[in-house]
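Worksheet: one structure, shown below.
The values are calculated or read from the model by the stated rules, or taken from the named source; none is laboratory data. Keep in mind it's a predicted model, so treat the numbers as computed, not measured. Cβ coordinates were reconstructed from backbone atoms using ideal geometry, including for glycine residues, and neighbour counts include every protein chain displayed. Note: areas computed on protein heavy atoms with side chains; ligands, DNA, RNA excluded. Shrake-Rupley method; radii C 1.70, N 1.55, O 1.52, S 1.80 Å.
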Amino acid sequence: MAKGRLDPADWTAFRQEAHRMLDAALDKMAGAEEGRVWTPLPDPLKDALAAPVPRAGLGPAGAAERLRALMPYGVGNTHPRFWGWVHGAGSPGNLLPEIAASAINANLGGRDHGGVHVERAVVRWCAELMGFPPDSGGLIVSGTSMATIIALKAARERALGTQTRQEGVGAARLTGYCAAQAHSCVARAFDMLGLGSEALRRAPVDGDFRMDTAALEAAIAQDRAEGFTPFLVVGTAGAVNTGAIDPLADLAAIAASEGLWFHVDGAFGATARLSPALAPLLAGMERADSLAFDFHKWLQVTYDAGCVLVRDRQAQLDAFSERPDYLAPATRGLAAGDFWPVDYGPELSRSYRALKVYAHLLEHGADALGAVIENNCRQARLLAELVAQAPDLEPLCPVSLNILCFRFTGGSEAAHDAVNAEISVRLQESGLAVLSTTRIHGRLALRVNITNHRTRDGDLHLLVEEVRKIGATLLAEGFHAAAP
Ligand SMILES: *Cc1c(COP(=O)(O)O)cnc(C)c1O
């Protein structure tokens, strides 16, 4: 290879290497239903990662070999029996746009090229799917966490004025409101926007884990009386613990009458709107000022990809647009174009994430994605039935969408938390299934989240059997939690 260049010295050999990698990737995806769910990274591979930076490269074949060695050691979310946290399973079609995007290597900060037109089209499609106006602002981002920061910055500037961007929030005492079950990314956004996470008030939830709107109104009134400036209501469409959907239409009405910005965290739940059967559950979401949701969860796009929509495009521009001289807009040439993502978010250099979302929607169409979601909700109800039938299991939350929390109740009450935590870990370590845990009314729960198009009903039968089997084994062993 010529010094100072990085293209392969031998394109024929590189092409073979690339085909081999593609085959390995296809084999992995074609075999996604087989083998263990999660396998921790073996020590020799960890040791190899401790090596110093190579001064001389291994070449394409040497590097590719290292990559293939890592391929079995993912989170396990490509497997049909992965139900931990909220992970999407991905889909093989995504390999293609990832390759194409890599070859194009476009910077999606702005300018006039195919990428920005694709991103703009995808944002418009998202607005259509979510019931937002076609000219809504929006961006394809890394995920709901980033989408939330962008949306809440627009809300902050709406409340305090754009001079906040230069002057900071000063002595302003902005307060926002969400349900006790809202995701931690909302408080994190408050933190990052200089509002302080304590300025996010948490309203209690009702028996179905939905925000108590009377408590919300009382909290707003109390804050006003104490000299705070309420500016934001955050509704959750699909809470991470239980899948609960806040009463979004009520929240939209309260936000409108109080003059507050209404944001919806719909990380996974918003996408249930793609199913005509489930869409009514989300009524009111389309009235939000902003919406954050993910493609990499229930829509099965590979990591990472999420979306922020802002009803008032100008509000998003007000929060982010600012071009230094070297990025000045032009009317012609590559520096032209009237959609520069840098004007809508914090990043300048950005990846061509929108391409895989575009390809995914082209390949499957929105209806097929909605059908995946509908099927997962049916499976969550099936699991709830299986749990209800088992004498030593008890449900801990109703099924709102795709999540069930339950626990093993064999043995003494005092040991239930420890026993259930151990069941989760043993299941993960067995390689048979992955679920995660959370706390419901203070009790440790086994939490099964089905955002997985590969899950078969039989996998859920197997899960119930295994949980009960491990529980019985623990009782027989006289298991009690190790001292912390
Ligand atoms: C996953 C999730 C988030 C965070 O989204 P990321 O894409 O991981 O940044 C926020 N809210 C809810 C309800 C979630 O499930």
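May I ask you to give the average projected area over all directions of the convex hull of the Cα atoms of segment 136-277, in nm² rounded to one decimal? Spell out each step's value before the answer.
On the way: hull surface 36.1 nm².
Reported value for the Cα convex hull: 9.0 nm².
Can you give me the accessible area per residue for the chain, using a 1.4 Å probe, in Å²?
Heavy-atom SASA per residue in the chain reads 45 Å².
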Review point. Which net charge results for the neighbourhood of Q181, defined as the other residues with beta-carbon distances under 13 angstrom from its beta-carbon, given Lys and Arg at +1 and Asp and Glu at -1?
Key: -1
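For a Förster distance of 30 Å, can you work out the FRET efficiency between the beta-carbons of E429 and E394, rounded to the nearest 0.05?
Efficiency at R0 = 30 Å is approximately 0.80.
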Exercise for review: Output ³J(HN,Hα) for segment 138-149: one whole-Hz value per residue in order, computed from phi by the Karplus curve 6.51 cos²θ - 1.76 cosθ + 1.60 with θ = phi - 60°, and x for Gly and Pro.
Suggested key: x, 8, 8, 10, 6, x, 5, 4, 5, 4, 5, 4
Study note, to complete from the structure: Given backbone amide H placed at 1.01 Å from N, residues whose amide H is under 5 Å from that of G306, ignoring those fewer than 5 places away on the same chain, are V141, S142, G143, F295
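To the nearest 20 debye, what charge dipole does the chain have about its Cα centre, counting +1 at the Cβ of each Lys and Arg and -1 at the Cβ of each Asp and Glu?
On the way: 45 positive and 55 negative charges, 174 e Å.
Dipole size: approximately 840 debye.
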Exercise for review: Compute the relative contact order of the chain as a whole-number percentage, counting only Cα pairs closer than 8 Å that sit 6 or more residues apart in sequence.
Suggested key: 21
Review point. What dipole magnitude, in Debye to the nearest 20, does segment 335-413 give about its Cα centre under +1 on Lys/Arg Cβ and -1 on Asp/Glu Cβ?
Key: 140
Study note, to complete from the structure: Treating every alpha carbon of the chain as one equal point scatterer without solvent, the Debye formula yields log10 I(q)/I(0) values at q = 0.08, 0.09, 0.11 Å⁻¹ of -0.56, -0.70, -1.02
**Study point:** Extreme residue, positive dipole direction of segment 307-447, given options G333, S351, A421 (C-beta unit charges)
**Key:** G333
Point to revise | Theoretical FRET efficiency, 1/(1+(r/R0)^6), r = Cβ-Cβ of A171 and E322, R0 25 Å, to 0.05 | key: 0.55
Practice item. For segment 59-71, just list the computed ³J(HN,Hα) in residue order, Karplus coefficients 6.51, -1.76 and 1.60, θ = phi - 60°, integers in Hz, with x standing in for Gly and Pro. Key: x, x, 5, x, 5, 5, 4, 5, 5, 4, 5, 7, 4
Review point. Once Lys and Arg get +1 and Asp and Glu get -1 on their Cβ, which of L362, A9, S257 lies farthest toward the positive end of the dipole of the chain?
Key: A9
Exercise for review: Please sort by residue number the trypsin sites (Lys or Arg not before Pro) in segment 44-107 whose DSSP state is loop and whose Cβ has at most 16 other Cβ atoms within 10 Å.
Suggested key: R55
Practice item. Pick out, in residue order, every one of the GluC sites (Glu not before Pro) in segment 150-231 that is DSSP loop and has at most 14 other C-beta atoms within 10 Å; say none if there are none. Key: E226
